[in-house]
1. If only one of Glu131, Glu160 is among the acidic types (Asp, Glu), modelled with pLDDT under 85 and not in a loop (DSSP other than H, G, I, E, B), which one is it?
2. Take the stretch 147-183 and flag every residue that is of a type in the set (A, V, I, L, M), surrounded by 15 or more Cβ atoms within 10 Å (Cβ to Cβ) and either under 15 Å from Leu116 (Cα atoms) or free of Cβ contacts under 8 Å to residues at least 12 places away in the same chain (or both).
3. Which of (1) modelled with pLDDT under 90; (2) assigned to a helix (DSSP H, G or I); (3) not hydroxyl-bearing (Ser, Thr, Tyr) is the odd one out, the single condition Val137 does not satisfy?
4. Does the stretch 174-194 include one or more residues that are among the aromatic types (Phe, Trp, Tyr), modelled with pLDDT of 90 or more and either assigned to a helix (DSSP H, G or I) or within 23 Å of Ile96 (Cβ to Cβ) (or both)?
5. Give the stretch 95-128 a look and list any residue that's at pLDDT below 90 and under 12 Å from the mean Cα position of the chain (by Cα), or say none.
6. Within the stretch 80-89, does at least one residue satisfy the condition of being part of a helix (DSSP H, G or I) and touching a Gly at 6+ places or on another chain (Cβ under 6 Å)?
7. Mind listing whichever residues of the stretch 129-142 are in contact (Cβ under 8 Å) with a residue 24 or more places away in the chain and more than 10 Å from the chain's Cα centre (by Cα)?
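The values are calculated or read from the model by the stated rules, or taken from the named source; none is laboratory data. Nothing here was measured: the structure is a model prediction, and the numbers come from that model. Don't worry about glycine lacking a Cβ; one is built from the backbone with ideal geometry, like all the others, and counts go over all protein chains shown.
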Amino acid sequence: MMVHDDYSVFGRPHTRVQKFWYWFDHFSWTTAFFVSSTAFVLWLWRLAAHAPVPRLHPQVAALKVECVHDEMIELAVRLRMMPMPEGQSYRTLEDIRASAERTVKVRDVLALAEVLQLEAQMLADIADHIEAAGNCVPYRCQEVLGRIGLLRNARTQAAETNAVLHGVLALPPGTQVALEGDLGRLRNGWGDSFTDAFFHVATLLDLQQVHAGMVQDYPNREPLVAAVQVLLGKRR
């Protein structure tokens, strides 16, 4: 028989060994429960303390992207309504410069500081969500990276095209301009289809949808909900 099986005739320990087993028998489970509960509460606090706060509400982001799209359409329509009929080309440097000014005005909408800030805020919110959640739910990380890659490629292509068109504005008087390649967009009001620019807007819209999906999904990961998911083995 072990020492702790018989503490004393009165049920109280006398020796140190007996005292150890007395405390172990009576308080070990209580201590374990207390330690486990404390650890669980600290874990919940950590989840709550590190919950990402969106820089941009999804509805605000959606409205801003819509405004960018609508403004570009309005400017493009005005460009199409210039007096020169479709099929004719501008010939003088003055007319070509004026065409360049109108064309870059449409394209420069996507280069405005407000649009760049919108894009940066959405990317930052997405990064915060991934860091806090440990994944890209409700999307696959590969899909998210693909959409971000398309956006960056579209912005790079737009910047290269804009640089060429802006160069026309700096040409000295009397310069002969060959309206070929990207400069062919300046032939007349219909010369630029703006396909690449509106594809850029589409990639921005894709990013906004990813941003909205992640931000709106996070309430499902609030501390108590997350705790239940862990206990049930359903945490994503």
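1. One residue alone meets the criteria, Glu131.
2. Hits for the stretch 147-183 are Ile148, Leu151, Ala154, Ala158.
3. (2)
4. yes
5. Residue satisfying the conditions is Asp128 alone.
6. Yes: the stretch 80-89 contains one or more residues that are part of a helix (DSSP H, G or I) and touching a Gly at 6+ places or on another chain (Cβ under 6 Å).
7. Matches in the stretch 129-142: Glu131, Ala132, Ala133, Asn135, Cys136, Val137, Pro138, Tyr139.
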